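Undergrad: Have a look at this one.
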Amino acid sequence: MHICVTGGAGFIGGHLCRRLLDEGHRVTAIDNFDPFYPRAIKEEGIDDFPAKTFTLIETDVCNTDTLLQALHGKSVDAIIHLAAKAGVRPSIEAPMAYEQTNVGGTQSMLEVAREHDIDTFIYGSSSSIYGNNEKVPFAEDDPVRRPISPYAATKRSGELLAYTFHHLHDLTVHCLRFFTVYGPRQRPDLAIHKFARQLLTGQPITMYGDGTSSRDYTYVDDIVDGVLHSLRRAQDQRRPEYEIINLGGSDPTQLRDLISGIADALDITPEIEQLPRQPGDAQRTYADISKAGELLGYAPQIPIEEGLRKFADWVTEYYADRTVLDV
Ligand code: NAD
């Protein structure tokens, strides 16, 4: 197949493109190398891809006309839309930019799908949509009317826009709600990567809250498996469908246990600086993955201890020959 992956140079996108290429697909990635974190980390993930089967279009997903032209006559079978401004806390500082990329960019890619008769649209959604859901684990039919950050609101908006295109234009849409993804080349703003840099540079770990908040960490290979299962299902459908599906580890870890886990994996004793809880952060996330199991045969394979060891191996090597650790 020929798959278009937006955000293809990003953390999840880079891993996904590699697997698609390994499985024999052609991939066109769209990415504007948003300066949220250094380009070098993104390039490390994609710079050995074969030019014969991998094309990178460096542009903004909001540039609908450019993308319509670039993909004209290219017979794209599916769009996997991962491009976004990610991160809860920075979205509180810059809500307009998040709205533009995450809402406008999703609308733009839906328009590209419609114009080019691409019948499969897989959308990288987020567990943040559940906000402070009291009920655990979080299931797809739980109410999601109260997002607690601009980021969460924009991700939910993307799901709604995609529904409208499914309804009007017979597009098959899977909105995959990812739960905190980690692994090699993880975004530097996310806890595991940030803690690792603090440990490697002998700084105290900044722990927001009392350490009892918890996250359902999901190893990136498990997420990529889920996306590939979703792609296969979407392509097998005789009739267009719209499904929202959680992809998580379904085994939450408390923040204080995560800190000792990453410190153990790096073999460094942590010093902890406790700071107040951050606005916009949910107290916990926990995925009910029974729907993903039923529809996709999804079953996460990598437990947190193993995933942290793999991350520690990458992070140690990545920063071994770099003097600037404060990315
Ligand atoms: P990432 O920042 O590494 O990847 C996003 C990519 O999108 C980046 O390479 C960036 O340059 C690109 N991008 C940003 N704005 C763009 C624009 N206007 N035009 C073109 N490209 C643009 O983030 P990630 O962690 O790989 O996340 C990928 C997707 O998964 C995002 O949609 C995010 O909301 C979602 N998600 C991620 C997590 C997680 O834990 N990493 C959890 C839930 C949802």
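The values are calculated or read from the model by the stated rules, or taken from the named source; none is laboratory data. Just so it is clear, the model here is predicted, and its values are computed rather than measured. Every residue, glycine among them, receives a Cβ derived from its backbone with ideal geometry; neighbour counts consider all protein chains shown.
Undergrad: Among the numbered criteria (1) at pLDDT 95 or above; (2) touching a Gly at 6+ places or on another chain (Cβ under 8 Å), which single criterion is violated by Arg89?
TA: (1)
Undergrad: Here's something else I'd like to know. Name the helices (runs of 4 or more DSSP H) wholly within the stretch 178-296 that hold at least 2 residues that are over 26 Å from Ala139 (Cα atoms), in contact with a strand residue (DSSP E or B) (Cβ under 8 Å, 6 or more places away or on another chain) and within 15 Å of the ligand (Cβ to nearest atom)?
TA: By residue number, 191-200.
Undergrad: Follow-up. Would you check which residues across the stretch 16-36 are surrounded by fewer than 20 Cβ atoms within 10 Å (Cβ to Cβ) and either of a type in the set (A, V, I, L, M) or under 19 Å from Val220 (Cα atoms) (or both) and list them?
TA: Arg18, Arg19, Leu21, Asp22, Glu23 - these are the residues of the stretch 16-36 that are surrounded by fewer than 20 Cβ atoms within 10 Å (Cβ to Cβ) and either of a type in the set (A, V, I, L, M) or under 19 Å from Val220 (Cα atoms) (or both).
Undergrad: Given the conditions (1) within 26 Å of Val5 (Cβ to Cβ); (2) at pLDDT below 95; (3) of a type in the set (Asp, Glu), and given that Asp281 satisfies all but one, which numbered condition is not satisfied?
TA: (1)
Undergrad: Just one of Ala84, Ala29 is outside any helix (DSSP H, G or I), under 26 Å from Gly226 (Cα atoms) and touching a residue at least 40 places away in the same chain (Cβ under 8 Å); which is it?
TA: Ala84
Undergrad: Return the total of residues in the stretch 85-97 being buried (at least 18 other Cβ atoms within 10 Å of the Cβ) and over 15 Å from the mean Cα position of the chain (by Cα).
TA: 2
Undergrad: Do you know which residues across the stretch 1-46 are β-branched (Val, Ile, Thr) and closer than 19 Å to Asn102 by Cβ?
TA: Val5, Thr6, Ile12, Ile30
Undergrad: Report every pair of residues separated by at least 6 positions or lying on different chains whose Cβ atoms are under 6 Å apart, first residue within the stretch 310-327 and within 13 Å of Thr201 (Cβ to Cβ), second modelled with pLDDT under 75.
TA: Tyr319/Leu325
Undergrad: Counting only residues that are of a type in the set (D, E, K, R), farther than 20 Å from Ala234 by Cα and touching a residue at least 24 places away in the same chain (Cβ under 8 Å), which one in the stretch 118-165 is farthest from the ligand (Cβ to nearest atom)?
TA: Ranking the qualifying residues of the stretch 118-165, first place goes to Arg156.
Undergrad: Give the number of residues within the stretch 34-60 that are within 9 Å of the ligand (Cβ to nearest atom), in a loop (DSSP other than H, G, I, E, B) and more than 18 Å from Ile80 (Cβ to Cβ).
TA: Total meeting the criteria: 3.
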